[in-house]
Amino acid sequence: MSVLLICTGRDPQVWVNAIREQQPDIKLYVYPEAHDPQEIKYAVTWKHPKGVFNKYPNLEVIASIGAGVDHIISDPEIPKNTLITRIIDEQLTRDMSTFILSLVLDKMRNISVHHGKKTWNPLPYQTLNDEKIGIMGLGVLGKAAAQTLSSNGFKVAGWSKSRKQIEGVSTYHGERGLQDFLKSTSILICLLPLTSETECILKKELFEQLPKGAYLINVARGEHLVEHDLLEMLDKGQLSGASLDVFRTEPLPEEHPFWKHPKVHITPHIASVTDPKKVVFQLMENYKRMLQRKPLMNIVELKKEY
Ligand code: NDP
């Protein structure tokens, strides 16, 4: 049996090298090189062409090389009997938390603004107690980010689907908890998975529930955000600014209004990137477990979509 690697928009060779180093005897094909679809039981993927897995009658596992699985689940033709796995990795989690911390500090202390202005004109001084951070999504990444911010002295709240208890963090859940969560959040951070429930969640009606002048950080997926609503809210002053790491179209097209908007700060999907060398063990361990008919790690519930 062989492994298929489909890697769109990322360099497949680094993954090939990492996989071969971990498991030198593996039979590995990089899509679309010639191979017999019957042979493939395990696919390691990032943004596969939709419908492609229909060609693989013996496919048992589709493994995402990232924490998110929206790129897999959004394919309506995913064979229903395959298992889907995702990456959970300490370094990926830590990188996300520190990236968010740096954005929050930069926003609060106006560091990039001062760099950009090149004039001696201090903006109003802000300190920790002036901000209340609200994190949407308290999963692996959201919980760690909440704990990092809280341990750095910030007031932190979090919102999730089910009830959570996290020391030092005020928690809210479900649709009922959303309004209370939003009403005191001055910096809103989106760390939700992209699902049919969370798509377009960052919209005008939600922004209007935040205190005037709140700030948005989206490090989850571009499809969470209704872009024209963000522009309207920024222009009306309901939001004071936004840091966006993810976009509906990546790379963000040159003509996109976000590039020129003075209140939009863009990073090119770099919040936290999987290091192949760090995660190849879990990918190959799951491959072995699949062959030995043992339970896999980090399985995603297809029905839940994350
Ligand atoms: P998890 O699956 O561990 O956590 C998801 C969280 O979102 C859970 O707390 C879940 O609630 C909550 N949630 C899901 N649906 C809803 C809903 N409808 N209403 C309220 N809460 C909801 O995901 P991770 O933390 O590992 O990752 C989050 C996302 O971050 C990924 O899906 C990916 O899109 C993005 N990401 C971005 C990166 C970047 O570089 N920009 C890098 C890596 C990931 P509950 O706990 O109750 O189930």
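Here are the numbers for the structure shown:
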read-out: Prolate/oblate/rounded call for segment 158-238, Cα gyration tensor, a/c under 1.5 rounded; value: oblate
read-out: Pairwise centroid distance, computed over Cα atoms, of segment 149-168 with segment 224-262, Å; value: 26
read-out: For segment 90-266, share of DSSP beta bridges that run antiparallel, in % to the nearest 5; value: 5
read-out: Relative contact order of segment 90-266, pairs being alpha-carbon contacts under 8 Å that are 6 or more residues apart, as %; value: 16
read-out: The chain: angle of helix 276-291 to the longest principal axis, Cα-based, in degrees nearest 10; value: 40
read-out: Exceeding the 31 Å Cα-Cα cut-off - candidates Lys47/Lys278; Lys143/Lys263; Lys50/Lys212; Lys203/Lys278; value: Lys50/Lys212; Lys203/Lys278
read-out: The chain: calculated mean residue ellipticity at 222 nm from DSSP helix runs of at least 4, using -39500 (n - 2.57); value: -9000 deg cm²/dmol
read-out: Neighbourhood charge, 15 Å Cβ-Cβ cut-off, centred on Pro257 and excluding it, Lys, Arg +1 and Asp, Glu -1; value: -3
read-out: Global form of segment 191-306, assessed from the alpha-carbon gyration tensor, a/c cut-off 1.5; value: prolate
read-out: Relative contact order (%) - criterion: Cα under 8 Å, at least six apart; region: the chain; value: 16
read-out: Nearest-ten-degree value, helix 90-109 long axis tilted from longest Cα axis of the chain; value: 20
read-out: Rounded to 5, percent antiparallel among DSSP beta bridges of the chain; value: 5
read-out: Cα gyration tensor category, rounded, prolate or oblate, for the chain with a/c compared to 1.5; value: prolate
read-out: Accessible area of the chain divided out per residue, in Å², using a probe of 1.4 angstrom; value: 51
read-out: The chain, accessible surface, carbon-and-sulfur percent (1.4 angstrom probe); value: 52
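The values are calculated or read from the model by the stated rules, or taken from the named source; none is laboratory data. Remember, predicted model here, so these are calculated numbers, not experimental data. We place every Cβ from the backbone using ideal geometry, glycine too, and count neighbours over all the protein chains shown. To get the accessible areas, we keep the full protein, side chains included, count just its heavy atoms, and leave off ligands, DNA and RNA. Shrake-Rupley method; radii C 1.70, N 1.55, O 1.52, S 1.80 Å.
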